[in-house]
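Some notes on the structure that comes next.
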Amino acid sequence: MNKQEVLDANENKRTRCMVYTRVMGYHRPVESFNIGKKAEHKQRVKFVESKNCL
């Protein structure tokens, strides 16, 4: 089963979640951003810590 099939099969169980980001020292919901700031947020690179750093 691929990812899209799993999402379609469980559509009725899914709920929206609030996504927060840290802006200038405080946390703010992304849904309150303007169009330009939302686009900038989508382009951000997510940090993934390497497990082999020790």
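The values are calculated or read from the model by the stated rules, or taken from the named source; none is laboratory data. Just so it is clear, the model here is predicted, and its values are computed rather than measured. Note that each Cβ is placed from the backbone with ideal geometry, even for glycine, and that neighbours are counted across all protein chains shown.
Residues in the stretch 3-25 that are in a loop (DSSP other than H, G, I, E, B) and either among the β-branched types (V, I, T) or surrounded by 10 or more Cβ atoms within 10 Å (Cβ to Cβ) (or both): 2 in all.
Taken over the stretch 26-54, residues that are surrounded by 10 or more Cβ atoms within 10 Å (Cβ to Cβ) and either touching a residue at least 24 places away in the same chain (Cβ under 8 Å) or assigned to a loop (DSSP other than H, G, I, E, B) (or both) amount to 1. For the stretch 13-42, filtered to residues that are of a type in the set (A, V, I, L, M) and more than 13 Å from the chain's Cα centre (by Cα), the residue that is modelled with the lowest pLDDT is V23.
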